[in-house]
Amino acid sequence: MCGQVGVILGTKRRTRDEINYLTWVFTRALELSEERGPHATGIAWVNRHGEHRLFKRPIPASEFVRDKAFGELLGDIDSSVTALIGHTRFVTRGDAAVNENNHPLRTVDCLVTHNGTILNADHLFDQFRFERHAEVDSEIIGRIADACIVDGRIDVKALRDGLALCRGQMSAVIVAKTDPGTVIIAKGNRPLELLFHPVFRAAVYASDAKYLRSVQTEV
């Protein structure tokens with residue numbers, strides 16, 4: 001089991017106080033998600049220009065959030081950032097010491113996090129002759145998403161049909177850098193909870209609703 005955490009900021013203009021609050025929510029939820037995956041932690045953001053920043057390490061979230069690079073990445077978030085995604089990994093396949101195996105995964109045009117196990121990933125890689133950079137089964141999600149991009153946007157129906165070929169367990173979050181204003185949340189047979197914050201006009205998600213409730217009570 002792994003943990004997925006994120007804040008969907010959208011294309012709204014935000015004050016520094018709003019950004020600071022939302023990055024605090026993200027950080028706290030990431031820390032709480034360590035219990036779902038202590039072997040590696042990673043985060044990424046994408047902005048409306050299609051630019052992104054990515055940082056991941058084979059360490060638990062409680063150590064990760066104290067890393068200088070983590071603070072710098074969050075400090076670079078401004079009103080142009082549309083999505084902030086994170087992951088705490090429980091290793092089932094692919095050595096966490098090989099950072100390409102840790103999430104968020106980066107494919108040609110997409111950033112992806114995944115919770116679950118795709119049992120037929122190797123078969124799908126062979127069937128469609130997708131390029132492969134990591135050992136993890138989760139990479140197939142990003143490669144399918146890449147193949148579904150039409151005129152810069154992910155064709156949702158084609159993506160749904162592609163993901164339907166996967167066998168196993170899945171909930172995933174996908175952001176195409178070519179369409180950074182859209183965040184696709186594919187909730188399958190693994191937990192993923194989403195909460196809309198009406199005051200800050202942002203959506204926050206996590207793999208367990210208790211993390212979202214905890215953040216709410218700490219405000």
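Things to note:
- Set 136, 91, 150, 98: member being of a type in the set (Val, Ile, Thr), out of contact with any Pro (no Cβ under 8 Å at 6 or more places or on another chain) and without any contact (Cβ under 8 Å) to a residue 12 or more places away in the chain: 150
- Output for region 72-91, where each listed residue is small (Gly, Ala, Ser), over 18 Å from the mean Cα position of the chain (by Cα) and not in a loop (DSSP other than H, G, I, E, B): 75
- Residue in region 14-29 that is surrounded by fewer than 21 Cβ atoms within 10 Å (Cβ to Cβ) and not in a helix (DSSP H, G or I) present: yes
- Extreme residue, least open to solvent (accessible area, probe 1.4 Å), among residues of region 157-181 that are of a type in the set (A, V, I, L, M, F, W, C) and over 23 Å from residue 5 (Cβ atoms): 158
- Residue satisfying condition, being surrounded by 15 or more Cβ atoms within 10 Å (Cβ to Cβ), part of a loop (DSSP other than H, G, I, E, B), at pLDDT 95 or above and of a type outside the set (S, T, N, Q), within set 96, 44: 96
- Among residues of region 108-129 that are among the charged types (D, E, K, R), those with a Cβ under 8 angstrom from a residue that is surrounded by fewer than 18 Cβ atoms within 10 Å (Cβ to Cβ) and outside any strand (DSSP E or B), sequence gap 6+ or separate chain, pair up as 109/178.
- Residue list for region 114-157, filter: of a type in the set (Ser, Thr, Tyr) and in contact with a Lys or Arg (Cβ under 8 Å, 6 or more places away or on another chain): 117
The values are calculated or read from the model by the stated rules, or taken from the named source; none is laboratory data. Remember, predicted model here, so these are calculated numbers, not experimental data. Positions of Cβ are generated from backbone atoms using ideal geometry, with glycine treated the same way; all protein chains shown enter the neighbour counts. For accessibility, only protein heavy atoms count, side chains too; no ligands or nucleic acids. Shrake-Rupley method; radii C 1.70, N 1.55, O 1.52, S 1.80 Å.
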